[in-house]
Number of protein chains: 2
Amino acid sequence: MANRFIDKLLGFSKLTSEEVAALSGLTLHARNVSPRTDLIREGDRPGPVFVMLEGWACRYKILPSGTRQVLGFMMPGDCCDLHIGLLAEMDHSIQVITPALVATIGRREMDEVMDKHRGIARAMYLGQLIDEATMRAWITSMGRRSSIERVAHLMCELYLRARNIGLVDGEELELPLSQLLLADSLGMTPVHLNRVLKVLRDSGSMNISRGTLHIKNARQLIQIAGFDENYLHRRLRASG
Amino acid sequence: MANRFIDKLLGFSKLTSEEVAALSGLTLHARNVSPRTDLIREGDRPGPVFVMLEGWACRYKILPSGTRQVLGFMMPGDCCDLHIGLLAEMDHSIQVITPALVATIGRREMDEVMDKHRGIARAMYLGQLIDEATMRAWITSMGRRSSIERVAHLMCELYLRARNIGLVDGEELELPLSQLLLADSLGMTPVHLNRVLKVLRDSGSMNISRGTLHIKNARQLIQIAGFDENYLHRRLRASG
DNA sequence: CGCTGGATTGACTCGGATCAAGTCGAGTGG
DNA sequence: CCACTCGACTTGATCCGAGTCAATCCAGCG
């Protein structure tokens, strides 16, 4: 079966066949995880690195008031922070959204592989940089974009990220995210998100129905979002 | 003169005297930079790592509409992303706010030092993890906190970060950030920020005047903010 | 002394939250 | 096969936090 983690890293850096083999070895032991399972919770002592081989997850925080803020979505191929093991305590939780296949890589193992295989290290660092750039884009969205721009921007992000790992079929993408979850990620109420989705649908730019995102008019959607894909850093430096 | 970069890293990890010497060498060549100077701009090809030895800076993005979102503040001791050189293009800009002393460390140099000195590598990775956790806290603030909570939260963050590097004098901190800048970092208008600051002042929890932040009632401020300092990760893992 | 860039305050507007009813669709059990 | 249930989605009515527009105010400074 395809290993989306390897596919993703191959998109960042050329890897030797030994490096690919090493990655295969790292992700050999994976387990099935059901929806709504927390992989790790805020306050927990960080353990191994989690790698999503199949399925979706999200990072989130719960506030004292009980409201939730989703901090990012993890799709197949994504993994959590590399050096997370250095911390005493998680500052957020990670929850699986769909049935998922998750591999875990111990800190020592990871360190050894990265020391030995510079291509893997390079690809992992790039992944991390993109995650950070994505967080900056989220801060920007929350701070300075209207709700319709924010929704459009997130859809552009998810669509492009999914396309980069071959998850997109034409203009359609399976998006197993409830409106409640999306609202919690966009800093708005489910009610208002619903209305915004209706506006986007009526404008003919996109539509979400039965768990599938349809891009109807990409140009228009990008224009609404003010989306600039440069932060996803598809163009990378040529030299290692 | 004190090297705040070294001081900060010493707070993260024990360093041998050779490691301290290596860091001294890395930051030997620093230059003075005037306020409002961009160290690097969105779209630029990333260069060396920037280290703030003295003075403040901020990361920011400009949107198509012309509005600005500040993504984070850099105070003395802080530096930008370690592996930034891997990217083809910056996704945000960095601007100096006060007269500053900035060192630059070439990518090769940095790599060599980190390979050789594991303590430095560890400290740098911790710094990076804290920066990421701070971004997550910002996303949470923007998405789910009211404006007064958001302001209080940012002040708690800046106060604690400053205290960790010895920038705080009693309950006072020199905070060279204009209300316009703060507003752009909090996703609100300067007018509204001004009103919120008045509320905080009248409530007796804090006050900003003539570039100085006075914490009047820390307990109350923390309570308003719903602040949990765990994300700044002062308690770290004992083992290297 | 007047200029300039921040800070402050007031009056009014509006985007998005809140509260409250539905509606729809996939299971489940009689 | 149909009634029941439960979770997710929709829609309407109303309210309020924060934005907008527009005056000052004030301190530092050439």
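The values are calculated or read from the model by the stated rules, or taken from the named source; none is laboratory data. Everything quoted here is computed from the prediction, not taken from an experiment. Every residue, glycine among them, receives a Cβ derived from its backbone with ideal geometry; neighbour counts consider all protein chains shown.
Does at least one position in the stretch A:22-42 carry a residue that is within 14 Å of another protein chain (Cβ to nearest Cβ) and either part of a loop (DSSP other than H, G, I, E, B) or at pLDDT below 95 (or both)? Yes, because at least one residue in the stretch A:22-42 is within 14 Å of another protein chain (Cβ to nearest Cβ) and either part of a loop (DSSP other than H, G, I, E, B) or at pLDDT below 95 (or both).
Any chance the stretch A:94-108 includes a residue that's within 14 Å of chain B (Cβ to nearest Cβ) and either part of a strand (DSSP E or B) or modelled with pLDDT of 95 or more (or both)? Within the stretch A:94-108 (the criterion being within 14 Å of chain B (Cβ to nearest Cβ) and either part of a strand (DSSP E or B) or modelled with pLDDT of 95 or more (or both)), the answer is yes, since at least one residue qualifies. Condition check: over 28 Å from A:GLU89 (Cα atoms) and either surrounded by fewer than 21 Cβ atoms within 10 Å (Cβ to Cβ) or in contact with a Gly (Cβ under 7 Å, 6 or more places away or on another chain) (or both). Does B:MET188 satisfy that? Yes. Taken over the stretch B:45-69, the criterion of being closer than 19 Å to A:GLU229 by Cβ, of a type outside the set (A, V, I, L, M, F, W, C) and part of a loop (DSSP other than H, G, I, E, B) is satisfied by B:ARG45, B:PRO46, B:PRO64, B:SER65. Residue under question is B:GLY72, and the condition is that it be outside the structural domain of B:SER205 (by TED's automatic domain parsing) and in a loop (DSSP other than H, G, I, E, B); does it hold? It is false that B:GLY72 is outside the structural domain of B:SER205 (by TED's automatic domain parsing) and in a loop (DSSP other than H, G, I, E, B). Per this entry, B:ARG145 is not counted among residues that are over 26 Å from B:GLY187 (Cα atoms), more than 19 Å from the chain's Cα centre (by Cα) and basic (Lys, Arg).
Out of curiosity, is A:LEU26 farther than 27 Å from B:TRP138 by Cβ and surrounded by 14 or more Cβ atoms within 10 Å (Cβ to Cβ)? For A:LEU26, the condition - farther than 27 Å from B:TRP138 by Cβ and surrounded by 14 or more Cβ atoms within 10 Å (Cβ to Cβ) - is met. Taking first residues from the stretch A:193-221 that are within 14 Å of another protein chain (Cβ to nearest Cβ) and partners that are part of a helix (DSSP H, G or I) and within 10 Å of DNA strand D (Cβ to nearest atom), the Cβ contacts under 8 Å between residues at least 6 apart in sequence or on separate chains come to A:LEU193/A:GLN179; A:LEU193/A:LEU182; A:LEU193/A:ALA183. For the condition in contact with a Lys or Arg (Cβ under 6 Å, 6 or more places away or on another chain), small (Gly, Ala, Ser) and crowded, with 22+ Cβ neighbours inside 10 Å, B:GLY72 does not qualify. Tallying residues that are farther than 22 Å from A:HIS92 by Cβ and touching a Ser or Thr at 6+ places or on another chain (Cβ under 9 Å) within the stretch A:28-74 yields 3.
Keeping to the stretch B:186-207, report how many residues are in contact with a Lys or Arg (Cβ under 8 Å, 6 or more places away or on another chain) and more than 9 Å from DNA strand D (Cβ to nearest atom).
Quick first cut of the stretch B:186-207, residues in contact with a Lys or Arg (Cβ under 8 Å, 6 or more places away or on another chain) only: B:186-188, B:204-207.
Now drop any that are not more than 9 Å from DNA strand D (Cβ to nearest atom), which leaves B:204-207.
Final tally of qualifying residues: 4.
Evaluated against (1) in contact with a His (Cβ under 9 Å, 6 or more places away or on another chain); (2) buried (at least 21 other Cβ atoms within 10 Å of the Cβ); (3) under 22 Å from B:ALA100 (Cα atoms), B:GLU42 falls short on exactly one condition, (2). Only one of the listed residues (B:ALA183, B:ALA152, B:ALA137) is away from DNA strand D (no atom under 16 Å from the Cβ) and surrounded by 15 or more Cβ atoms within 10 Å (Cβ to Cβ). That residue is B:ALA137.
Check whether at least one residue in the stretch A:164-174 is in contact (Cβ under 8 Å) with a residue 40 or more places away in the chain, away from DNA strand D (no atom under 16 Å from the Cβ) and part of a helix (DSSP H, G or I), and report yes or no. If you could, list the steps in order and put the result at the bottom.
Let us first name the residues in the stretch A:164-174 that are in contact (Cβ under 8 Å) with a residue 40 or more places away in the chain, namely A:164-167, A:171-173.
Applying the additional criterion that residues be away from DNA strand D (no atom under 16 Å from the Cβ) yields A:164-167, A:171-172.
Filter once more, keeping what is part of a helix (DSSP H, G or I): A:164.
Scanning the stretch A:164-174, I find at least one residue that is in contact (Cβ under 8 Å) with a residue 40 or more places away in the chain, away from DNA strand D (no atom under 16 Å from the Cβ) and part of a helix (DSSP H, G or I), so the answer is yes.
For the stretch B:162-173, state whether one or more residues are under 30 Å from A:TYR125 (Cα atoms), within 16 Å of DNA strand C (Cβ to nearest atom) and of a type in the set (A, V, I, L, M, F, W, C). So far as the stretch B:162-173 goes, no, none of its residues is under 30 Å from A:TYR125 (Cα atoms), within 16 Å of DNA strand C (Cβ to nearest atom) and of a type in the set (A, V, I, L, M, F, W, C).
Could you say whether any residue in the stretch B:147-161 is more than 10 Å from chain A (Cβ to nearest Cβ), under 29 Å from B:LEU9 (Cβ atoms) and assigned to a loop (DSSP other than H, G, I, E, B)? There is no residue in the stretch B:147-161 that is more than 10 Å from chain A (Cβ to nearest Cβ), under 29 Å from B:LEU9 (Cβ atoms) and assigned to a loop (DSSP other than H, G, I, E, B).
Each row is one residue, and each column tells you yes or no for (1) closer than 28 Å to A:ALA121 by Cβ; (2) within 16 Å of DNA strand D (Cβ to nearest atom); (3) out of contact with any His (no Cβ under 6 Å at 6 or more places or on another chain).
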position	(1), (2), (3)
B:GLY106	yes, no, yes
B:ASP115	yes, no, yes
B:ALA121	yes, no, yes
B:ILE130	yes, no, no
B:ILE148	no, yes, yes
B:CYS156	no, no, yes
B:HIS214	no, no, yes
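Pairs are defined by a Cβ separation below 7 Å, a sequence spacing of at least 6 or placement on different chains, a first member in the stretch A:121-132 that is among the β-branched types (Val, Ile, Thr), and a second member that is not in a helix (DSSP H, G or I); the pairs so defined are A:ILE130/A:HIS233.
Regarding A:GLY143, is this residue surrounded by fewer than 21 Cβ atoms within 10 Å (Cβ to Cβ), in a helix (DSSP H, G or I) and within 9 Å of chain B (Cβ to nearest Cβ)?
Working: surrounded by fewer than 21 Cβ atoms within 10 Å (Cβ to Cβ): no; in a helix (DSSP H, G or I): yes; within 9 Å of chain B (Cβ to nearest Cβ): yes.
Taking the combined requirement at face value, the residue does not satisfy it.
When only residues in the stretch A:195-220 that are surrounded by fewer than 14 Cβ atoms within 10 Å (Cβ to Cβ) and of a type in the set (S, T, N, Q) count, which is nearest to A:ALA137 (Cα to Cα)? If we take residues in the stretch A:195-220 being surrounded by fewer than 14 Cβ atoms within 10 Å (Cβ to Cβ) and of a type in the set (S, T, N, Q), then A:THR212 is nearest to A:ALA137 (Cα to Cα). Residue count for the stretch A:59-79, restricted to those that are touching a Leu at 6+ places or on another chain (Cβ under 8 Å) and either within 12 Å of chain B (Cβ to nearest Cβ) or polar (S, T, N, Q) (or both): 5.
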